[in-house]
Amino acid sequence: MKYIALVILMITPAFLFSQNNPSPAEILKKIDDNTISDSKVVISRMVIHGRRGERTVRAKTWQRNTSDSFTEYLDPPREKGTKMLKLGDQLWTYSPSTDRTIMISGHMLRQSVMGSDLSYEDMMEDPFLSSLYEGEIAGSGELLGRQVWIMDLTAKKDDTAYARRKIWVDKERYLILKEELYAKSGKLLKQVDIHEVKFIEGRWIAVSATYKDVLKEGDGTEMMIESISFDENIPDYIFSKASLRK
Amino acid sequence: MIKFLIKGLLRDRSRSLFPVLTVSSGVFLAVVLYSFMNGVIADMINSTARYQTGHVKVMTQAYAEESNQMPNDLALTGINEITQTLKDNYPDMIWTARIKFGGLLDIPDEKGETKDQGPVTGLAVDLFSPSSPEWDLLRIEKSIIRGRIPVERGEILIGDEFAGKLDIAPGDTATLISSTMFGSMAIYNFKIAGTVRFGISAMDRGAILADIADIQEALDMQDTAGELLGYFPDNIYNDEKAAEIAASFNRQFKDPDDRFSPIMRTLPVESGLSDYIAMIDSMGVIIVSIFIAAMSIVLWNSGLMGSLRRYGEIGVRLAVGENKTHIYKTLILESLFIGIFGSVIGTAAGTGVSYLMQIYGIDYGYLMKNSSMMISNVYRAKVSTGSFFIGFIPGIVSTVLGASIAGTGIYRRQTASLFKELEV
């Protein structure tokens, strides 16, 4: 559940569309359609390159559709056992050392997740681009040896976390290979670069990416997927507050 | 002669009363103003030193650049070794490590769910080492309002006003939600040992005082602290000495190429109070100059009016053969007695009132409700050696100066016209 937004961004089925000139709305719709899976279980690794060196955080995430997820941190020892639960637009964290479950809301949502370049707000964001943004194709190019569309997206609503995005979309795989997130003022806030893509269980998945908060010192956060499985039968109790204390 | 002049002043009150009142009022105001400003600024420096900067402060260079944002990810590591080095190199100073932190204080209900929550700033100090200087520096015991002092790890003190806002009391549990040194979310349970009045609005509204070992554990800062503060043993800031210590430390330990190497800064540099401290130095000169100028004009005017009233007397004295210089000298001598007398009264009254203001102070807490300055809510005057001279000497100088200017009129009196005047 830790990196919902990013994981969803990174996971795309390899539907090989043959349309030559789809409209921007169609491209966004296809990107969204390709991210949908009933459930998934992901073990991921985050290498955070902070101001005082780097550290690695590992976590296991159970995800049900796009709204609910449950994450348990596996490493480092200090974070082991810390859990997070997202149900719709609500987010809780559980700290085993204090046995407290805290709801994360308000300005806490802007805090960094485990010191990474991701904020809780990033995790809470609706992953469906087509419902949040209107897009236009700004051009074409090549990235990571793939033909891409370069698209400018503008938020439909004022309260969207990032008012503007620029995305580089693989023309064949409908996979975002690079992304820049902007504030309303036009200031670049965050940048995502995909490094490695793999074909797993019939889907093209970005298994390595760097997420960089450009307002923060450091060299960004590397995100890696160690294992992923789709359409797992995840019991409902996982997505309950009671499971935080287990 | 002196006896004669004094008798004259005592018997003719119109010659002495107004000038004495003028001098004593001026001296009184100068003493009170000086002592009050001295007290407020000394208190500001003292509060800043105790809570924020020490007399000197050691941090990493990176931390120093953003110190007002409490960047604990840039804190000093290997704090025990650095403290020992400081103790070896500057054995006369008192050294103590501190961590400032911010976050949320979450109050759980019976089920462990959030009952109330509020933003908090915290100060972590050494509460439990036998040699900790913090009890004296922060006057912790005197500040307790409810409950008791912390006696074991995991206990904190909380601002009384803040406790009221969150509806918590000694014995309750409070959870700190903050960020570790590495940016992860830190969640740590504390027990409220007591409530305190820091006497500084910004802290009373939302601060906690915790043991540094607890906060090191909570924020993943083992053997690390944001700041190392140094205090002179008499707890009085000495700018020259502090600058000397800072320069010698920085020569030895600061590495311009390593932003995590330590840097030492003095109180005025770190707090931005250098202008205030310079103001203290120049304040005496400013007050004395304004006082002498204003009082001389008033007393000159008073002397002129006195001369007019004593026009006949001076005429007779000239007519009977007293020379002008002698008369001028006696006027100056008279003014000297008035000056001394007025200055004694003014200084005595001024220091007396200032002393009362030093003891009781004036509570401006209602004006400081939204203040974020590290300044006490109660403004107090401070009677110092300077208070006894700041008005006394200018009081005498201005009286003599005023009389000297007014008395020059004597030399313009024409002896030839005296008898004509005396006939009137």
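The values are calculated or read from the model by the stated rules, or taken from the named source; none is laboratory data. Bear in mind the structure is a predicted one, so any value in this text is a computation, not a measurement. All Cβ positions, even for glycine, are placed from backbone atoms using ideal geometry, and neighbour counts span all protein chains on display.
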Quick test of your reading of the structure: A:GLY139 fulfils all but one of (1) within 21 Å of A:TYR120 (Cβ to Cβ); (2) touching a strand residue (DSSP E or B) at 6+ places or on another chain (Cβ under 7 Å); (3) without any contact (Cβ under 8 Å) to a residue 12 or more places away in the chain. Name the failing condition by number. (1)
Does A:ASP193 satisfy the condition of being without any contact (Cβ under 8 Å) to a residue 24 or more places away in the chain, surrounded by 15 or more Cβ atoms within 10 Å (Cβ to Cβ), farther than 24 Å from A:ASN21 by Cα and not small (Gly, Ala, Ser)? yes
Among (1) more than 30 Å from B:ASP220 (Cα to Cα); (2) modelled with pLDDT under 75, which single condition is A:LYS2 missing? (1)
Say whether the condition of being at the interface with chain B (Cβ under 10 Å from one of its Cβ atoms) and in contact with a strand residue (DSSP E or B) (Cβ under 8 Å, 6 or more places away or on another chain) is met by at least one residue in segment A:32-50. yes
State whether one or more residues within segment A:22-31 are more than 14 Å from chain B (Cβ to nearest Cβ) and closer than 27 Å to B:LEU105 by Cα. no
Could you list, in sequence order, all residues of segment A:205-246 that are assigned to a loop (DSSP other than H, G, I, E, B), under 26 Å from A:SER97 (Cβ atoms) and at pLDDT 90 or above? A:SER240
Please verify whether B:GLU141 is farther than 30 Å from B:TYR364 by Cβ and more than 14 Å from every other protein chain (Cβ to nearest Cβ), treating the condition exactly as stated. no
Close pairs from segment A:67-83: first within 12 Å of another protein chain (Cβ to nearest Cβ) and over 14 Å from A:LYS246 (Cβ atoms), partner modelled with pLDDT under 90 and in a strand (DSSP E or B), Cβ under 9 Å, at least 6 apart: none
Quick one: would you say A:LEU87 is touching a residue at least 60 places away in the same chain (Cβ under 8 Å), more than 11 Å from chain B (Cβ to nearest Cβ) and farther than 27 Å from A:LEU175 by Cβ? yes
If we only count strands (runs of 3 or more DSSP E) wholly inside segment B:165-245, which ones have 2 or more residues that are more than 14 Å from every other protein chain (Cβ to nearest Cβ)? B:185-196, B:207-211, B:227-231
With the condition kept exactly as written, say whether any residue in segment A:147-157 is within 29 Å of A:TYR120 (Cβ to Cβ), in contact (Cβ under 8 Å) with a residue 24 or more places away in the chain and not aliphatic (A, V, I, L, M). yes
Step by step: first the residues of segment A:51-64, then only those that are within 14 Å of chain B (Cβ to nearest Cβ) and in contact with a helix residue (DSSP H, G or I) (Cβ under 8 Å, 6 or more places away or on another chain), then the one that is farthest from A:LEU175 (Cα to Cα). Which residue is that? A:ARG52
Unmet requirement for B:PRO119, which otherwise passes all of (1) within 14 Å of chain A (Cβ to nearest Cβ); (2) in contact with a helix residue (DSSP H, G or I) (Cβ under 8 Å, 6 or more places away or on another chain): (2)
Within segment A:171-183, does at least one residue satisfy the condition of being without any contact (Cβ under 8 Å) to a residue 24 or more places away in the chain, on the phi < 0 side of the Ramachandran plot and of a type in the set (Lys, Arg)? no
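Yes/no per residue for (1) under 21 Å from B:PHE198 (Cβ atoms); (2) in contact with an Asp or Glu (Cβ under 6 Å, 6 or more places away or on another chain); (3) of a type in the set (Asp, Glu):
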residue: B:ALA64; (1), (2), (3): no, no, no
residue: B:ASN68; (1), (2), (3): yes, no, no
residue: B:ASP73; (1), (2), (3): no, no, yes
residue: B:MET93; (1), (2), (3): no, no, no
residue: B:ALA97; (1), (2), (3): yes, no, no
residue: B:ASP106; (1), (2), (3): no, no, yes
residue: B:THR114; (1), (2), (3): no, yes, no
residue: B:GLY122; (1), (2), (3): yes, no, no
Can you confirm whether A:SER229 is touching a residue at least 40 places away in the same chain (Cβ under 8 Å), in contact with a strand residue (DSSP E or B) (Cβ under 7 Å, 6 or more places away or on another chain) and small (Gly, Ala, Ser)? yes
With the requirement that a residue be buried (at least 19 other Cβ atoms within 10 Å of the Cβ) and touching a Ser or Thr at 6+ places or on another chain (Cβ under 7 Å), what does segment A:225-243 give you? A:ILE225
Which residues, counting only those in segment A:94-108, are surrounded by 16 or more Cβ atoms within 10 Å (Cβ to Cβ) and of a type in the set (Ser, Thr, Tyr)? A:TYR94, A:SER95, A:THR98, A:THR101
Would you mind listing the strands (runs of 3 or more DSSP E) fully within segment A:157-201 where at least 3 residues are farther than 15 Å from A:GLY141 by Cα and among the charged types (D, E, K, R)? A:188-200
Please give the strands (runs of 3 or more DSSP E) falling wholly within segment A:92-155 in which 1 or more residues are within 14 Å of chain B (Cβ to nearest Cβ) and farther than 23 Å from A:ARG51 by Cα. A:100-103
Looking at the structure I just gave you, is B:ALA62 touching a helix residue (DSSP H, G or I) at 6+ places or on another chain (Cβ under 6 Å), touching a residue at least 40 places away in the same chain (Cβ under 8 Å), surrounded by fewer than 23 Cβ atoms within 10 Å (Cβ to Cβ) and of a type in the set (Gly, Ala, Ser)? yes
